[in-house]
Amino acid sequence: MKRFGRLELISAGVVFLITAAIILYKIYGLGYSMTTIKPEDGYFIQLIMTVTGNGQDCNLRVTLPIQSDRQTIKYERESSGGDFKYTISPNRVARWQGKDLAGEYTISYTFFAQTEAQSYPLPKDKAIPTEVAEFLRPYLEPTERIQADASEIVQQAYALAPEGMDIETAMRNIYNFCYSTIAYKTVKGPTDALTALRLVEASCNGKNRLMVALLRARGIPARMANGLILQKNRKRTTHAWTLVRIGDAWVPFCPTNGYFAEIPAHYLELAKGDKAVFVHTKHIGFDWRFVIQHQLSHREQAVFTNANNPMNILSVWTSLKDYHISLELIMIILMIPIGATVVAFARNLIGVLPFGTFMPALIAVSFRDTGLVLGALFFLIVIVVCASVDVILMRMRLLHVPRLVIMITLVVMSIMALSVVCLKLGYSTGAAVSLFPMAILSLTCERFAQTVLEDGLKAAMQRMAATFFVAAACFFVYELEFLQIIIVAFPELLLANIGINLILGSWTGMRLMEYYRFRELLRSEGNESAAGGGHHGA
Amino acid sequence: MNLLRGAVIMGRSIFDSIYGLNRRNRELVRRLNTARDIALANDKVASKRLLQAQGVPVAKEVAVIHYPHAVEGVLAGLEDRAHGVVVKPSQGTQGRGVNIFMEVRDDGLVRADGSVMSLQDFRFLVATITSGEYTYGRPSDCALLEDRLRPSRSWILPGLPGAPDLRIVVHKGVPILAMARLPTLASEGRANLHQGGVGLGVDLRTQKSTYGIWKDRSIERHPDTGDEVTGRDVEGLADCVRMAADCAKAIPLGYMGVDLMLDERRGPCVIEVNARPGLAIQIANRIGLGSVLEHAS
């Protein structure tokens with residue numbers, strides 16, 4: 001306690017009490033609900049389609065995700081700017097119809113999906129059924145691409161699952177054949193079952209067609225499913241897996257990624273059967289992509305749940321139209337003081353000295369868009385490139401502010417170049433680099449260059465490493481979902497942030513690094529104290 | 001049991017006596033130094049004038065330049081051009097922007113290594129200083145031209161690769177700790193510890209040097225000259241201590257560092273005062289500030 005200021009401890013205590021009082025009042029007095037604030041796992045998915053026409057009419061059909069016991073679809077929204085007639089059929093097929101289309105049109109469909117993993121125990125020692133119910137007959141039929149009647153397929157099917165074998169072993173044999181024996185190969189366009197069998201290799205859709213064909217040939221009803229693998233990503237591919245009728249259930253198998261009688265949480269089903277997700281009029285330009293974001297909707301939910309409460313300042317923003325952007329922005333703004341606290345801990349508790357006072361807290365914000373590794377890499381590239389130029393400019397003795405202008409120009413140019421390179425290479429997250437804080441980057445370059453000139457490259461690299469270290473710490477704090485949600489629901493927690501810094505600001509203990517710096521003194525001082533006290537003094 | 005208690009007490013006394021940056025900032029700088037006095041100490045022109053008025057020997061002020069176009073006039077009016085001149089940003093820190101010239105000639109100013117800075121480049125240097133390049137967070141500054149001292153290179157230790165200086169820490173008007181800073185080849189003739197200078201504790205009572213530190217480690221001999229650093233006489237230390245106390249009268253900082261050099265003609269002179277003197281002085285003296293302050297009071 002001696003190392004803390006008494007006044008500061010008392011004021012911090014008061015601030016904490018006020019914070020707690022407000023939060024408790026909000027929960028018990030105003031009915032803020034903690035349960036709805038807790039994260040609800042899910043994905044915010046945006047399907048963006050572009051249609052390019054030359055004056056013709058256009059029909060576009062898309063199979064939408066369905067509700068099932070393992071997937072919930074919420075908050076669906078469609079926007080096509082009034083150029084299309086939009087209808088949804090009862091079996092969840094969306095249709096966009098446009099007349100006399102000329103030029104490029106963008107259609108977007110957004111929804112929030114919650115999916116669960118599910119696994120199915122297979123019956124033990126049960127024979128492959130010989131009779132199949134009437135409504136399952138279509139799932140035994142051969143099709144153009146699923147050649148269940150081809151003799152090679154029938155032979156292979158019986159080799160894997162001979163007469164009298166139980167269903168579990170039969171399933172395992174057929175699955176293993178498609179998963180392991182058939183090699184995975186990326187192929188453009190669809191592969192049929194027979195081709196997959198003959199080449200002993202196939203892409204995702206070929207593997208599944210073969211699996212369905214083998215099952216059908218063996219009298220087991222099966223069909224394909226088409227969907228999306230949910231990852232924080234932009235996607236231009238769908239994924240296929242197989243559904244097999246075993247007992248009274250359609251049991252999922254994925255011979256591409258290795259899921260036996262189970263479906264992982266990140267699979268979203270869009271269509272059943274060997275159907276394309278997208279069907280459109282010929283001779284029009286068509287392109288599509290999914291933009292998937294993990295759990296974006298929770299923060300909205302957290303706020304919306306409490307938006308009508310009189311004390312939530314943030315309710316002002318929720319009424320704004322484009323609340324996605326502004327809510328994200330508000331959340332980041334609310335998190336920055338917390339990041340600054342992380343920096344304060346690093347400086348005053350550990351003794352790490354990054355560039356600038358709050359630079360790491362601000363740098364970490366930009367990592368949220370790119371991810372830590374890519375962000376750090378970009379940062380390093382930009383800084384090394386620009387700081388080298390800055391060193392030259394300093395040697396040319398250019399004055400400070402114009403030099404900074406050149407820095408910011410170079411920073412913008414290198415960010416643009418990096419973005420372009422990333423997009424060309426297919427890393428779409430690299431485009432997010434355009435949100436990098438240019439001014440901060442320029443200042444960091446400046447500090448880096450100055451340190452190189454004054455204290456040498458080694459010292460500059462050390463401080464750069466310290467800056468990254470602290471920025472990474474801030475980044476991990478920013479990414480704490482619980483913190484994100486709680487801060488949006490209870491912005492008054494920033495008062496507690498003040499309290500924490502009142503305490504930290506009054507702490508006069510030694511920084512961690514100072515134990516190293518003063519190590520010899522600590523040793524010798526110990527000896528002298530033992531020998532009878534200090535000898536200095538005026 | 002007694003042994004354990006003894007260890008705890010001893011441990012605490014070591015811990016309590018060393019000042020880290022947090023403690024220095026809060027218990028010394030913030031408590032004893034007002035923002036106004038700190039600003040005064042950082043302003044070399046104002047503090048030099050105050051020190052001079054107090055009778056403290058300092059490098060003589062030659063001119064203060066606020067605008068680069070005044071450069072020619074000032075140089076033309078120099079009394080002793082062969083004597084050289086030092087240019088500093090008045091509010092610069094860490095020695096940034098300080099330039100020492102051995103001689104002023106018609107074609108330019110001669111640096112210590114013999115190279116010549118043209119008048120045009122010199123005007124640019126002054127423009128850089130006055131535009132605030134070296135003055136953190138301030139839009140403008142002025143350039144201070146002062147008399148070049150002839151600092152002794154054999155103060156404390158003979159044959160050094162540059163001029164040593166002496167830092168005296170003054171607490172509430174009382175000089176409490178001293179440390180000599182000796183340049184090395186690694187520090188390129190500069191005496192700053194973080195640039196590779198040697199720190200050497202000086203006992204104010206015995207007036208002799210005590211322990212040496214170099215790059216955060218104890219040393220017994222100077223890394224370049226090989227001379228033993230411990231037990232050296234510090235010529236004029238009594239005068240230095242008196243001057244340091246006088247500095248505290250002129251600039252009322254409760255915690256300050258006074259930097260002095262030994263001029264070959266004038267004896268000890270104050271170079272500058274510092275409102276946030278560093279903590280390495282504890283290592284060089286092998287004593288924590290806490291113990292020193294306890295004895296002082």
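The values are calculated or read from the model by the stated rules, or taken from the named source; none is laboratory data. The structure displayed is predicted, hence computed values, not measured ones. Note that each Cβ is placed from the backbone with ideal geometry, even for glycine, and that neighbours are counted across all protein chains shown. With ligands, DNA and RNA removed, areas are computed over all heavy atoms of the protein, side chains included. Shrake-Rupley method; radii C 1.70, N 1.55, O 1.52, S 1.80 Å.
Remarks
- For segment A:452-473, a residue qualifies if it is open to solvent by 10 Å² or more (accessible area, probe 1.4 Å) and in contact (Cβ under 8 Å) with a residue 40 or more places away in the chain, and the qualifying residues are A:452, A:453, A:463, A:466, A:468, A:469, A:472, A:473.
- Within segment A:87-106, the residues that satisfy the criterion of being in a strand (DSSP E or B) and either among the basic types (Lys, Arg) or closer than 21 Å to residue A:275 by Cα (or both) are A:87, A:88, A:93, A:94, A:95, A:96, A:97, A:99.
- Qualifying residue in segment A:111-121 (condition: hydrophobic (A, V, I, L, M, F, W, C), touching a Pro at 6+ places or on another chain (Cβ under 8 Å) and surrounded by 15 or more Cβ atoms within 10 Å (Cβ to Cβ)): yes
- Selection status of residue B:57, under 19 Å from the mean Cα position of the chain (by Cα), surrounded by fewer than 20 Cβ atoms within 10 Å (Cβ to Cβ) and not hydrophobic (A, V, I, L, M, F, W, C): yes
Condition check ((1) among the β-branched types (Val, Ile, Thr); (2) assigned by TED's automatic domain parsing to the domain that holds residue B:274; (3) not in a helix (DSSP H, G or I)) across all residues:
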position	(1), (2), (3)
B:50	no, yes, no
B:69	no, no, no
B:78	no, no, yes
B:103	no, no, yes
B:110	yes, no, yes
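- Condition met for residue A:226 (closer than 20 Å to residue A:264 by Cα, among the polar types (S, T, N, Q) and surrounded by 18 or more Cβ atoms within 10 Å (Cβ to Cβ)): yes
- Summed over segment A:335-361, the residues that are under 18 Å from residue A:515 (Cα atoms) and of a type in the set (Val, Ile, Thr) give a count of 2.
- One residue from B:216, B:239 being open to solvent by 60 Å² or more (accessible area, probe 1.4 Å) and within 12 Å of chain A (Cβ to nearest Cβ): B:216
- Residue B:257 passes every criterion in (1) open to solvent by less than 30 Å² (accessible area, probe 1.4 Å); (2) within 10 Å of chain A (Cβ to nearest Cβ) apart from (2).
- Screening segment A:122-140 for residues that are basic (Lys, Arg) and touching a helix residue (DSSP H, G or I) at 6+ places or on another chain (Cβ under 9 Å) and picking the one that is least open to solvent (accessible area, probe 1.4 Å) gives A:126.
- Residue within segment A:346-357 that is β-branched (Val, Ile, Thr), over 16 Å from residue A:416 (Cα atoms) and in contact with a Phe, Trp or Tyr (Cβ under 8 Å, 6 or more places away or on another chain) present: yes
- Residue check for residue A:353: modelled with pLDDT of 85 or more, part of a loop (DSSP other than H, G, I, E, B) and within 14 Å of chain B (Cβ to nearest Cβ): yes
- Any hit, segment A:453-470, residues being modelled with pLDDT of 90 or more, outside any helix (DSSP H, G or I) and on the phi < 0 side of the Ramachandran plot: no
- Flag if residue B:38 is out of contact with any Gly (no Cβ under 9 Å at 6 or more places or on another chain) and assigned by TED's automatic domain parsing to the domain that holds residue B:119: no
- Residue ID - farthest from the other protein chains (Cβ to nearest Cβ), chosen from residues in segment B:279-297 that are outside any helix (DSSP H, G or I) and within 22 Å of the chain's Cα centre (by Cα): B:279
- Test: residue in segment B:118-129 that is free of Cβ contacts under 8 Å to residues at least 40 places away in the same chain, more than 12 Å from chain A (Cβ to nearest Cβ) and over 19 Å from the mean Cα position of the chain (by Cα): yes
- Options A:69, A:125: the member that is assigned by TED's automatic domain parsing to the domain that holds residue A:247, at pLDDT below 85 and part of a loop (DSSP other than H, G, I, E, B): A:125
- Scanning segment B:152-171 for any residue that is within 11 Å of chain A (Cβ to nearest Cβ), assigned to a loop (DSSP other than H, G, I, E, B), on the phi > 0 side of the Ramachandran plot and in contact (Cβ under 8 Å) with a residue 12 or more places away in the chain turns up nothing.
- Residue check, residue B:64 under 22 Å from the mean Cα position of the chain (by Cα), at pLDDT 90 or above and open to solvent by 30 Å² or more (accessible area, probe 1.4 Å): yes
- Scanning segment A:474-485 turns up one or more residues that are open to solvent by 20 Å² or more (accessible area, probe 1.4 Å), under 30 Å from residue A:331 (Cα atoms) and in contact with a His (Cβ under 8 Å, 6 or more places away or on another chain).
- Count - residues of segment A:401-437 that are modelled with pLDDT under 75 and open to solvent by 20 Å² or more (accessible area, probe 1.4 Å): 9
- Taken over segment A:163-189, residues that are under 24 Å from residue A:251 (Cβ atoms) and either free of Cβ contacts under 8 Å to residues at least 60 places away in the same chain or touching a Lys or Arg at 6+ places or on another chain (Cβ under 6 Å) (or both) amount to 16.
- Search result, residues across segment A:366-375 that are hydrophobic (A, V, I, L, M, F, W, C) and open to solvent by 30 Å² or more (accessible area, probe 1.4 Å): A:372, A:373, A:374
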